[in-house]
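The structure appears below as structure tokens.
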Ligand SMILES: [Zn+2]
């Protein structure tokens, strides 16, 4: 789950959506319901939402990541434009720019036509979710003291954010973090044992690199950066190392 600031609606979308909306309405009348519209007609009707220019804008705002699982869709499947409130139920929001979210095929598939309004699920982009999260090793959970506990919990369940494949990819990041933290600990010990100003100076530069390596995992474009930031905020070694650069 990422902190996401939705991009501005581009002119080609704001001008093109009225025709697409009309086509959708016509199809709803012609076939009687959303589910009865043939797939071929749906593909034509929703061509605007699926355009690569739309996805480029959405994914540029999410550092290339799925807003739900924090993976880059090129690693997990195709980039998709998720309608947060499903277009199958919310016809009026089918071309609403504010209803679009960059997501991966796996999360979109798990989310399917579930209604976030009925479930009371948290909407990425409404606010930074990170203060509302905690991680129990690889598992993402709502923070017990969060005012958004239920909303976050519902989103985790709706998109199955503790599915096996995500636990596995989080475990790889956790292993990397532990190894870089060990390297940082060594660099810290070595720096603190240095006797001369010259040695101290050279070891400080090694310490800085080791700290930057481990902290890079919490940068926005990294997979599972929310988990890494949570892990690093609790790391005594990181806290101790940072004191040398204050
Ligand atoms: Zn995803």
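Label sites at residue 176 and residue 193, each approximated as a point 7 angstrom past Cα along Cα to Cβ, lie 2.9 nm apart.
Between residue 204 and residue 14, the contour length at 0.36 nm per residue exceeds the Cα-Cα span by 63.1 nm.
How many angstrom separate the Cα center of the range 114-145 from the Cα center of the range 3-54? The two parts, judged by their Cα centres, are 28 Å apart.
Model label sites at residue 167 and residue 114, defined 7 Å from Cα along the beta-carbon direction, differ in position by 1.7 nm.
Remark: the range 164-245 is approximated by an ellipsoid whose semi-axes, taken from the C-alpha gyration tensor as √(5λ), come to 28, 11, 10 Å, largest first.
Over the chain, what per residue volume does the convex hull of the Cα atoms give, in whole Å³? Mind dumping the intermediate values first?
Working: hull volume 33.3 nm³, N = 246.
Normalising the Cα hull of the chain by residue number yields 136 Å³.
Among 21, 157, 30, the largest mean-square fluctuation in a Gaussian network model of the chain (Cα springs under 10 Å) belongs to 30.
Apply the a/c threshold of 1.5 to the C-alpha gyration tensor of the range 10-54 and tell me whether it is rounded, prolate or oblate. Verdict is oblate for the range 10-54. Any chance you could give the angle, 0 to 90 degrees and rounded to 10, that helix 149-158 forms with the longest Cα principal axis of the chain? Roughly 70 degrees between the two axes. Computed from Cα atoms, the angle from the helix 197-215 axis to the main principal axis of the chain rounds to 20 degrees.
Under the rule of -39500 (n - 2.57) per DSSP H run of 4 or more residues, summed and divided by the residues of the chain, what mean residue ellipticity at 222 nm is obtained, to the nearest 500 deg cm²/dmol?
Values: 12 runs with 132 residues, N = 246.
About -16000 deg cm²/dmol.
Each label point was placed 7 Å from the Cα along the Cα-to-Cβ direction; for residue 40 and residue 147 their separation is 5.3 nm.
If you run the Gaussian network model on the chain, springs between alpha carbon atoms under 10 Å, then out of 34, 100, 68 the most flexible one is 34.
Note on residue 236 and residue 23: the extension gain reaches 70.8 nm, defined as 0.36 nm multiplied by sequence separation minus the Cα-Cα distance.
Please report the equivalent ellipsoid semi-axes of the range 1-130, computed as sqrt(5 x eigenvalue) of the Cα gyration tensor, largest first, in whole Å. Let's see the in-between values first.
Working: eigenvalues 118, 53, 39 Å².
They are 24, 16, 14 Å, listed from largest to smallest.
The stretch between residue 93 and residue 213 holds 38.9 nm of extra length on full extension. This uses 0.36 nm per residue minus the Cα-Cα distance.
Rule-based calculations on the coordinates, nothing more; no lab input. None of the values given here were measured: they were computed from a predicted structure. All Cβ positions, even for glycine, are placed from backbone atoms using ideal geometry, and neighbour counts span all protein chains on display.
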